[in-house]
Amino acid sequence: MAIHTLSATALAQAIRTRRISCLEAVEACFEQIEQLDPQLKAFITLAPETARATALRADQALAREQPWGCLHGVPIAIKDLTATAGLRTTYGSLLYADHIPAQDELCVARLRAAGAIILGKTSTPEFGLGTGTHNPILGATLNPHDRSKTCGDSSGGAAVAVASGMAYLAQGTDMGGSVRTPASFCGLVGLRPSLGRIPRVPKSLPWESLVTDGVIARTVEDAALMLGTMAGLDHRDPMAISAPTWPLPDFFAPAGESARIGYSLDLGVTSIETEVVEVFEQAIATIAQVCPHTRPAAIDARGAKFAFETLRGAIVFHNYQVLLQNHGDQLTDMVRWEIEQGRGITAADYLRAEEQRGKIRHHFLEFFEHHDILLTPSASVLPFPLSQSAVLQINDIPLDNAIDYLAITYTLSLTGLPVVSLPCGWTPSGLPVGLQILGPPQGETQLLRFAFFLQEQLGFRHRWPALGQG
């Protein structure tokens with residue numbers, strides 16, 4: 001088996017037992033990057049010299065029997081919205097094309113402390129805004145399963161790197177679906193944890209509660225491994241969960257057959273593309289064969305569009321209005337549009353949105369009084385052509401704006417509950433479709449154990465794209 005095809009969990013074990021060196025793992029990734037990234041464009045910035053030097057130090061530390069942590073020597077990628085000390089961080093914008101941060105964000109510092117080796121920074125749309133992963137620095141990032149299609153936004157580069165073996169794991173961020181949508185489009189595991197599970201430091205709006213760091217991986221156990229290194233209390237983030245750590249789940253404990261499962265095709269908030277419906281319904285039928293307590297569910301999510309668009313609009317306008325004022329002519333049209341959506345939002349609007357968000361969360365909490373898991377599609381559409389600037393209709397039904405197609409994911413973002421996207425099937429043309437699995441409050445352990453059950457028992461797992469096998 002080629003080194004780059006190992007799971008992160010298997011690689012970490014092979015490194016600990018000296019069957020594979022850290023440098024060999026890093027070189028395997030750079031071989032994939034050299035072969036595939038000129039076409040796929042997953043990385044904005046690479047750090048080969050630093051990664052190789054770190055790998056040599058990691059091998060020397062193992063020789064002294066001084067492992068750094070559970071990700072010792074595992075090569076990973078960091079989304080280019082996340083600051084990395086000494087490594088260029090552009091946010092996908094020409095305005096920051098030469099920006100080199102002095103400090104790591106907390107999640108990066110924790111990953112380094114766990115022994116992970118950073119290969120580089122993955123592509124994102126400018127400031128993470130817009131549809132599809134394309135920016136003025138790199139251009140478009142391509143889907144490894146069909147290079148004429150988008151890889152999703154905004155952690156698209158992260159998903160492409162992991163799906164094609166250029167990295168074992170990748171960090172992403174998720175506000176309205178920016179981890180789950182690329183995971184679905186690229187056939188991966190995409191984890192958005194509970195609000196506050198991974199503290200976010202630094203944070204310009206300390207009580208902001210829509211964005212989380214997340215994980216993109218090829219297996220459920222890899223996602224759990226990475227989450228465990230980033231989770232844990234930090235008082236600098238007032239939203240942080242008080243638990244000092246998050247322990248890895250026991251994946252071999254019973255998790256599936258007795259689960260009380262509810263499913264919803266659309267949560268009552270969106271249309272779903274016909275081919276996605278077909279794969280989702282087949283996945284539900286397959287799950288019901290092994291999980292007899294699988295039933296359709298109705299949850300009142302009315303007002304999700306108003307709540308999310310108002311909160312997102314206000315946050316984006318607050319964060320980027322100065323850039324719009326001073327450098328608007330240098331921003332992409334989509335970014336200018338996104339920022340303008342927040343202009344004119346009043347305090348009353350914002351508070352009404354928070355009130356509606358609270359009602360929606362309450363309805364989901366009521367659901368979990370009688371259920372263990374909720375299933376929905378991970379995306380309302382299949383990966384769409386690179387030539388298509390936005391999704392403005394689904395099944396010939398017009399959408400109001402360019403972010404409406406994310407309603408199936410952003411509705412769950414509003415709840416603050418943990419959610420993971422898992423591959424659940426493929427279209428006849430070979431495009432992946434993701435299953436969105438929502439867990440109860442702070443229920444990552446239960447959530448990931450169930451996802452692992454589906455992965456192992458039903459084969460809901462990553463499939464190598466033809467160009468990614470090396």
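The values are calculated or read from the model by the stated rules, or taken from the named source; none is laboratory data. This is a predicted model, so every value here is computed, not measured. Cβ sites come from the backbone with ideal geometry, for glycine too, and all protein chains shown count toward neighbours.
So here's what we get for this one:
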| item | result |
| --- | --- |
| In region 35-51, the residues that are assigned to a helix (DSSP H, G or I) and either touching a Leu at 6+ places or on another chain (Cβ under 6 Å) or under 18 Å from residue 170 (Cα atoms) (or both) | 36, 37, 40, 48, 50, 51 |
| Counted residues, region 216-245 - those being within 16 Å of the chain's Cα centre (by Cα) and either at positive phi or small (Gly, Ala, Ser) (or both) | 5 |
| Extreme residue, farthest from residue 377 (Cα to Cα), among residues of region 291-323 that are of a type in the set (Gly, Ala, Ser), more than 23 Å from the chain's Cα centre (by Cα) and surrounded by 15 or more Cβ atoms within 10 Å (Cβ to Cβ) | 303 |
| Unmet requirement for residue 70, which otherwise passes all of (1) in contact with a Leu (Cβ under 7 Å, 6 or more places away or on another chain); (2) part of a helix (DSSP H, G or I); (3) hydrophobic (A, V, I, L, M, F, W, C) | (2) |
| Those residues of region 232-282 which are outside any loop (DSSP other than H, G, I, E, B) and in contact with a Lys or Arg (Cβ under 8 Å, 6 or more places away or on another chain), in sequence order | 261, 262, 263 |
| Residue list for region 395-410, restricted to those being out of contact with any strand residue (DSSP E or B) (no Cβ under 8 Å at 6 or more places or on another chain) and either closer than 20 Å to residue 302 by Cβ or not small (Gly, Ala, Ser) (or both) | 395, 396, 397, 398, 400, 401, 403, 404, 406, 407, 410 |
| Number of positions in region 86-130 that are out of contact with any Pro (no Cβ under 8 Å at 6 or more places or on another chain), over 19 Å from residue 211 (Cβ atoms), assigned to a helix (DSSP H, G or I) and of a type in the set (A, V, I, L, M) | 2 |
| Every residue from region 177-211 that is in contact with a Pro (Cβ under 8 Å, 6 or more places away or on another chain), surrounded by 22 or more Cβ atoms within 10 Å (Cβ to Cβ), under 23 Å from residue 315 (Cβ atoms) and not small (Gly, Ala, Ser) | 191, 192, 193, 197 |
| Hits in region 170-188 (condition: of a type in the set (A, V, I, L, M) and touching a Leu at 6+ places or on another chain (Cβ under 6 Å)) | 175 |
| Residue within region 212-231 that is β-branched (Val, Ile, Thr), closer than 19 Å to residue 108 by Cα and either without any contact (Cβ under 8 Å) to a residue 12 or more places away in the chain or surrounded by fewer than 22 Cβ atoms within 10 Å (Cβ to Cβ) (or both) present | no |
| Any chance residue 455 is at pLDDT below 95 and more than 16 Å from the chain's Cα centre (by Cα) | no |
| Meets criteria (β-branched (Val, Ile, Thr), crowded, with 19+ Cβ neighbours inside 10 Å and touching a residue at least 40 places away in the same chain (Cβ under 8 Å)) for residue 78 | yes |
| Only listed residue being among the hydroxyl-bearing types (Ser, Thr, Tyr), in contact with a strand residue (DSSP E or B) (Cβ under 9 Å, 6 or more places away or on another chain) and closer than 22 Å to residue 197 by Cβ, chosen from 429, 387, 380, 413 | 413 |
| Cross-chain or 6+ apart pairs with Cβ under 6 Å, region 353-365 first and surrounded by 20 or more Cβ atoms within 10 Å (Cβ to Cβ), then of a type in the set (Val, Ile, Thr) and part of a helix (DSSP H, G or I) | 353/310 |
| Candidates 417, 435 - the one that is touching a residue at least 60 places away in the same chain (Cβ under 8 Å), in contact with a helix residue (DSSP H, G or I) (Cβ under 6 Å, 6 or more places away or on another chain) and buried (at least 23 other Cβ atoms within 10 Å of the Cβ) | 435 |
| Residues being surrounded by 14 or more Cβ atoms within 10 Å (Cβ to Cβ) and either under 26 Å from the mean Cα position of the chain (by Cα) or not in a helix (DSSP H, G or I) (or both) - total across region 324-338 | 7 |
